[in-house]
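Since the structure comes first, as structure tokens, the remarks are kept for the end.
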Amino acid sequence: MTMIERSDTGAVARLTLNSPERLNALSDAMLTALTDHLTALAEDSHIRAVVLAGAGKVFCAGHDLKEMTTARESADQGRAYFSDLFNRCAAVMMAIRALPQPVIAEVHGIATAAGCQLVASCDMAIAAEGTRFGVNGVNIGLFCSTPMVALSRNVPRKQAFEMLVTGGFINEARAAELGLINRAVPATDLTRETMDLAAMVAAKLGGAVRIGKHAFYEQVEMPVEQAYTYTGSAMTENMMLEDTAEGIAAFLGKRQPDWTQ
């Protein structure tokens, strides 16, 4: 079985987690497949937006607990494996952030623990009505400390901590209210709405979006004065693109830009 299925529509790449019998858990094989696809997309100048979806009944149920349990049979009771697993998972989440193209999560069913982390790590997210979100590891005695990194950078602190410490679930309306997703739509419209958003992003100048996405995540961690200095440099870099000059000329000339990328 192919762990991730990729299909391209124009400049949009669609990655579908394809392990529905395991609820698209982030198994060793799934993390490897995600790493491989993200590495390839980072070098693919033809793709300007990415959609991340899940096959079957749910988006992603988090780590593969069966694999984690098996790892306890090693001499160190799994310590080395667990450390490596969480590092590999974090690397995938950081690769999404570092990807030149915006990544949109298309979420349905449930997104729990590391699956919720995956949603929070994407640049945007659209969910089907009826979707539930949770960082519920605490319910089985495992506080979701690594999912907390992405969650707490999307959701206000007190609400994030409540989710983490209670293991409670929120619905799609609450997820939108808190900022975990952009919006919720009827399940029958989910793919169309997500692909429409991706197509809108893909229609923009790729070089400008690449500079802007990188600058967005860099500046948000900076003090305000430093952020303005940094983003001023980013906008200067953007202005030096030939296609940006063409875009401005086209706007002033009331015509469509003739971009080279």
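The values are calculated or read from the model by the stated rules, or taken from the named source; none is laboratory data. Just so you know, these numbers come straight off a predicted model, no measurement behind them. Every residue, glycine as well, gets a Cβ built from its backbone with ideal geometry; the counts of neighbours run over all protein chains shown. Heads up: the accessible areas ignore ligands, DNA and RNA and are worked out on the full protein's heavy atoms, side chains in. Shrake-Rupley method; radii C 1.70, N 1.55, O 1.52, S 1.80 Å.
If I filter the range 138-160 for residues that are within 22 Å of Asp28 (Cα to Cα) and touching a His at 6+ places or on another chain (Cβ under 7 Å), do I get at least one hit? Taking every residue of the range 138-160 in turn, none turns out to be within 22 Å of Asp28 (Cα to Cα) and touching a His at 6+ places or on another chain (Cβ under 7 Å). In the range 204-222, the condition of being open to solvent by 70 Å² or more (accessible area, probe 1.4 Å), more than 22 Å from Ile96 (Cα to Cα) and either modelled with pLDDT of 95 or more or out of contact with any Pro (no Cβ under 7 Å at 6 or more places or on another chain) (or both) is met by no residue.
Of everything in the range 13-30 that is touching a helix residue (DSSP H, G or I) at 6+ places or on another chain (Cβ under 7 Å) and over 9 Å from Met3 (Cα atoms), the residue that is surrounded by the fewest Cβ atoms within 10 Å (Cβ to Cβ) is Asp28. The residues of the range 167-194 that are assigned to a loop (DSSP other than H, G, I, E, B) and farther than 26 Å from Met148 by Cβ amount to a single one, Pro186. Residues being in contact with a Gly (Cβ under 7 Å, 6 or more places away or on another chain), of a type outside the set (D, E, K, R), modelled with pLDDT of 95 or more and open to solvent by 30 Å² or more (accessible area, probe 1.4 Å) are represented in the range 185-194 by at least one member.
Comparison of Ser145, Ser45 shows that the only residue that is at pLDDT below 95 and either of a type in the set (Gly, Ala, Ser) or open to solvent by 10 Å² or more (accessible area, probe 1.4 Å) (or both) is Ser45.
Could you please let me know if Glu162 is closer than 30 Å to Thr69 by Cα, outside any loop (DSSP other than H, G, I, E, B) and among the acidic types (Asp, Glu)? Taking the combined requirement at face value, the residue satisfies it. Does Ser45 satisfy the condition of being over 18 Å from the mean Cα position of the chain (by Cα) and under 22 Å from Ala202 (Cα atoms)? When the stated conditions are applied, Ser45 passes them. Look at the range 68-97: where a residue is hydroxyl-bearing (Ser, Thr, Tyr) and a partner is surrounded by 12 or more Cβ atoms within 10 Å (Cβ to Cβ), sitting 6+ places away or on another chain with Cβ atoms under 6 Å, you get Tyr81/Ala71. Is it true that some residue in the range 20-30 is of a type in the set (A, V, I, L, M, F, W, C), over 26 Å from Ala187 (Cα atoms) and modelled with pLDDT of 95 or more? Yes, because at least one residue in the range 20-30 is of a type in the set (A, V, I, L, M, F, W, C), over 26 Å from Ala187 (Cα atoms) and modelled with pLDDT of 95 or more. Taken over the range 111-156, the criterion of being over 15 Å from the mean Cα position of the chain (by Cα), within 16 Å of Met93 (Cα to Cα) and part of a loop (DSSP other than H, G, I, E, B) is satisfied by Val135, Cys144.
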